[in-house]
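The values are calculated or read from the model by the stated rules, or taken from the named source; none is laboratory data. The structure presented is a predicted model; accordingly, all values stated were derived computationally and were not measured. Every residue, glycine among them, receives a Cβ derived from its backbone with ideal geometry; neighbour counts consider all protein chains shown. Remember, those area values only see protein heavy atoms, side chains included, never the ligands or the DNA or RNA. Shrake-Rupley method; radii C 1.70, N 1.55, O 1.52, S 1.80 Å.
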Amino acid sequence: MSKKIFPHIIGNNVIKNLIGNDIVNRNCSHAYILEGAKGSGKKTAAEQIAAALSCYNKNSTSHDLPCGECDNCHRIFGNISSDVVRITSGDKVSIGIDEIRNIKNGLYVTPNDSDFRTYIIENAERMTPQAQNALLLTLEEPPSFAVFLLLTEDSTKLLETVRSRAQCIRMEKFSSTEVADYLSSSYEGKRIQKSFPERFAAAVSLSDGSLGRAAELLSNTEDTSEILKFRAEAMKLIPLMCSSKSAQMLKLGLTASIKNTHDAKIFLQILDCAIRDMVSAKRTSSENLLFYVSYEEAAKAASEASIKKLFHIHAELIRAIMRLESNVSLKIVLTDMILKIADYKRK
Ligand SMILES: [Zn+2]
């Protein structure tokens with residue numbers, strides 16, 4: 001068995017390659033910033049990194065990193081390790097200088113069970129400037145065994161001096177497939193996928209690549225009626241896309257209930273989930289469905305287009321989403337996209 005680096009972190013190859021290699025090569029930085037939206041997996045990643053640093057089997061070629069089996073891994077995943085110090089703002093709006101002073105007081109005491117002590121600071125942007133300056137002094141001359149993980153939604157809210165002392169890693173957005181796999185890995189998620197496939201698909205499409213948000217949507221704490229409306233419109237649009245009927249597409253696509261860029265992005269993501277299902281159905285793979293409720297339904301829709309055409313539509317959808325993200329006008333983006341999709345037939 002070969003060693004897998006961070007097998008429990010989904011996606012995020014930058015973390016796996018960069019921090020994973022740093023740990024394996026004993027070449028760790030003293031501070032890393034993990035930046036990403038709520039639900040992007042920062043806390044999970046931080047816990048995995050802490051375990052990897054302290055894992056007894058980190059140098060073994062036959063164990064994964066972290067191994068998940070040794071006493072240190074058990075202590076860290078059980079949240080009872082004294083070699084992992086977590087700092088959160090709790091209910092307070094800020095993390096004050098006292099909390100950072102507490103760290104400094106115990107900083108030079110050697111770790112109990114392993115070669116490292118990991119400090120995880122959640123919502124690091126909530127540190128007051130005084131707290132950040134105190135941390136900065138620590139980061140300038142830390143003991144060799146201290147590693148700081150600063151988790152934040154926005155690293156620009158940290159002092160430049162703090163940022164310059166740490167390696168900043170942006171959490172990757174998860175693909176629709178990764179979100180669907182994650183949701184269906186729990187008993188409850190599997191149940192909803194079976195009994196309410198439309199709600200499941202809605203959670204995947206609306207999550208915008210955030211596992212936390214997807215789980216929230218699935219637990220039905222938010223209204224998903226909007227998404228069901230978009231789904232119905234996507235159902236009408238897909239056959240037109242497959243048969244390149246641009247005039248009808250233009251009529252439908254631009255008068256749909258898309259009011260703004262945000263709506264448009266969600267709508268295009270839903271369309272892309274459908275295209276992905278159609279490709280899966282054509283290849284008779286057994287991946288999680290993201291849009292259609294059955295493989296038969298996806299295969300029927302896919303019978304109108306070749307795989308090449310589906311890839312062409314997928315590429316145009318992604319291009320349109322990227323253009324929307326760089327603030328190109330909604331109408332221009334959608335019109336261009338429809339014309340490009342229709343144009344495929346004539347090539
Ligand atoms: Zn271990």
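Brief remarks on what is shown
- Selected residue (criterion: modelled with the lowest pLDDT) from residues of region 281-308 that are open to solvent by 60 Å² or more (accessible area, probe 1.4 Å) and closer than 14 Å to GLU198 by Cβ: VAL293
- Conditions (1) among the basic types (Lys, Arg); (2) open to solvent by 40 Å² or more (accessible area, probe 1.4 Å); (3) within 23 Å of ALA166 (Cα to Cα); number of the one not met by LYS42: (2)
- For PRO66, the criteria (1) on the phi > 0 side of the Ramachandran plot; (2) within 16 Å of the ligand (Cβ to nearest atom); (3) buried (at least 20 other Cβ atoms within 10 Å of the Cβ) hold in every case but one, which is (1).
- Condition check for SER210: touching a residue at least 24 places away in the same chain (Cβ under 8 Å) and under 14 Å from LEU290 (Cβ atoms): no
- The single condition from (1) buried (at least 16 other Cβ atoms within 10 Å of the Cβ); (2) of a type in the set (A, V, I, L, M, F, W, C); (3) modelled with pLDDT under 90; (4) under 22 Å from ARG231 (Cβ atoms) that LEU254 fails is (1).
- For region 69-85, the candidate set comprises residues that are part of a loop (DSSP other than H, G, I, E, B) and within 8 Å of the ligand (Cβ to nearest atom); within that set, the residue that is least open to solvent (accessible area, probe 1.4 Å) is CYS70.
- Exclusive hit being open to solvent by less than 20 Å² (accessible area, probe 1.4 Å), away from the ligand (no atom under 16 Å from the Cβ) and either touching a helix residue (DSSP H, G or I) at 6+ places or on another chain (Cβ under 7 Å) or free of Cβ contacts under 8 Å to residues at least 60 places away in the same chain (or both), set ILE103, ILE23, ILE9, ILE97: ILE103
- The single condition from (1) over 19 Å from ILE238 (Cβ atoms); (2) without any contact (Cβ under 8 Å) to a residue 12 or more places away in the chain; (3) not hydrophobic (A, V, I, L, M, F, W, C) that SER306 fails is (1).
- Of the numbered criteria (1) in contact (Cβ under 8 Å) with a residue 12 or more places away in the chain; (2) open to solvent by 10 Å² or more (accessible area, probe 1.4 Å); (3) more than 16 Å from the ligand (Cβ to nearest atom); (4) out of contact with any Asp or Glu (no Cβ under 7 Å at 6 or more places or on another chain), the one THR88 fails is (4).
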